[in-house]
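Report on the structure given below.
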Amino acid sequence: MTSTIHPAAPPSAGKILWNMTLIVVGSFFTAVAVNGILIPQHFVTGGITGLAIIVNRLLPSLHVAVTYILLNVPLFILAWVTVGRRFFFYSIAGMLTLSAALAIVHVPIELNDKILSALLAGILSGTGTGITLRSLGSQGGLDILSIMLLKRYSIRIGNTVLITNCLVLLLVTVFYSLEAVLYTLVVIYVSAKVVNLVVTGFSQRKAIFIISPKWRQISDEILKDFNKGVTVIQGEGGYSGVEEHILYTVITFRELGQLKALIQRIDPNAFVVVNDTLEVMNYRIGNQPHW
């Protein structure tokens with residue numbers, strides 16, 4: 001018996017438009033942070049964008065946008081053999097879009113307080129990177145390295161960005177004052193946190209352990225009201241030796257309050273543990289990124 005393999009359907013125009021919209025909006029936010037705060041305040045950020053800013057500082061005739069493209073070439077060669085073709089081509093679009101935004105978008109931001117400037121720059125750049133990563137691509141640069149590490153080793157994107165950027169800062173302190181470097185650390189830290197929030201924060205899953213003599217009723221309510229799977233684990237009290245039934249389930253962050261209210265209503269004395277999750281792989285409740 002032979003089987004016919006049908007080619008994958010091409011992406012719809014609407015899906016392509018949505019992803020390109022995310023890339024354009026994300027590039028806009030990043031360009032506002034770079035041209036509106038980082039360069040005027042003599043800050044630097046990490047990664048390829050930071051290196052492009054430093055090169056521009058040393059060679060003003062070489063525009064940040066051009067430098068950004070040149071520095072991305074080796075990373076895209078690496079991406080060609082390590083990431084999917086869809087992610088690769090969307091990232092090419094993201095890199096070119098960000099380069100165009102760096103050349104075109106100039107939104108003046110008047111802030112005299114350098115700490116506030118660093119915080120705002122981190123929020124804007126993190127939002128821009130996060131929005132772009134919500135698409136099927138990236139802005140190039142260290143985003144490619146971050147996706148590779150996330151897919152292979154489950155290292156969170158923001159953590160990769162934070163660690164890598166700190167290493168880059170060690171190499172560039174010679175070109176800036178110590179004060180500027182410390183402000184830049186604020187930018188990098190805030191940006192990394194915002195990236196994690198935008199990419200996975202709003203879709204984060206919670207792993208719940210519940211120990212209660214009314215476990216059957218709680219399990220039935222979760223199955224009925226939340227339409228979520230529940231695993232019943234056989235356990236035993238370490239001190240009492242009494243047999244226990246432990247419920248294990250995974251829910252969305254938005255459902256956490258409802259679940260706690262349900263448990264409180266059925267058994268106020270239930271023992272409940274709520275854990276954060278890094279990734280969840282499942283067609284119903286999974287939150288793995290789609291790169």
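The values are calculated or read from the model by the stated rules, or taken from the named source; none is laboratory data. All values reported here derive from a predicted model rather than from experimental measurement. Heads up, the Cβs are rebuilt from the backbone with ideal geometry, glycines too, and the neighbour counts pull from every protein chain shown.
Summary table
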read-out	value
Filter result for Val174 (in contact (Cβ under 8 Å) with a residue 60 or more places away in the chain and assigned by TED's automatic domain parsing to the domain that holds Gly26)	no
Single residue of Phe76, Phe28 found to be within 20 Å of Thr132 (Cβ to Cβ), at pLDDT 90 or above, surrounded by fewer than 23 Cβ atoms within 10 Å (Cβ to Cβ) and among the hydrophobic types (A, V, I, L, M, F, W, C)	Phe28
Residues being more than 30 Å from Thr127 (Cβ to Cβ) and in a loop (DSSP other than H, G, I, E, B) - total across the range 199-216	3
Residue satisfying condition, being among the aliphatic types (A, V, I, L, M) and crowded, with 18+ Cβ neighbours inside 10 Å, within set Val242, Val187	Val187
Qualifying residue in the range 154-161 (condition: over 22 Å from Met281 (Cα atoms) and part of a helix (DSSP H, G or I))	yes
Any pair with Cβ under 8 angstrom, 6 or more apart, that starts in the range 57-81 at a residue that is under 18 Å from Tyr176 (Cβ atoms) and assigned by TED's automatic domain parsing to the domain that holds Gln41 and ends at one that is in a loop (DSSP other than H, G, I, E, B) and modelled with pLDDT of 85 or more	Val64/Ile39
Residue check, Ser61 buried (at least 16 other Cβ atoms within 10 Å of the Cβ) and of a type in the set (Gly, Ala, Ser)	no
The range 103-126, residues that are aliphatic (A, V, I, L, M) and either crowded, with 22+ Cβ neighbours inside 10 Å or over 10 Å from Asn35 (Cα atoms) (or both)	Leu111, Ile115, Leu116, Ala118, Leu119, Leu120, Ala121, Ile123, Leu124
Residue satisfying condition, being surrounded by 16 or more Cβ atoms within 10 Å (Cβ to Cβ), at pLDDT below 85 and not aromatic (Phe, Trp, Tyr), within set Asn282, Asn227, Asn287	Asn287
Single unsatisfied condition, Leu150 versus (1) modelled with pLDDT of 85 or more; (2) in a helix (DSSP H, G or I); (3) crowded, with 20+ Cβ neighbours inside 10 Å	(1)
Which listed residue is among the aliphatic types (A, V, I, L, M) and within 23 Å of the chain's Cα centre (by Cα), from Ile54, Ile48	Ile48
Check on Ala52, among the small types (Gly, Ala, Ser), modelled with pLDDT of 85 or more and farther than 20 Å from Cys166 by Cβ	no
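Each row is one residue, and each column tells you yes or no for (1) in the same structural domain as Ala121 (by TED's automatic domain parsing); (2) assigned to a helix (DSSP H, G or I).
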| position | (1), (2) |
| --- | --- |
| Gln139 | yes, no |
| Val168 | yes, yes |
| Glu179 | yes, yes |
| Ile218 | no, yes |
| Lys224 | no, yes |
| Lys228 | no, no |
| Gln234 | no, no |
| Thr249 | no, no |
| Leu256 | no, yes |
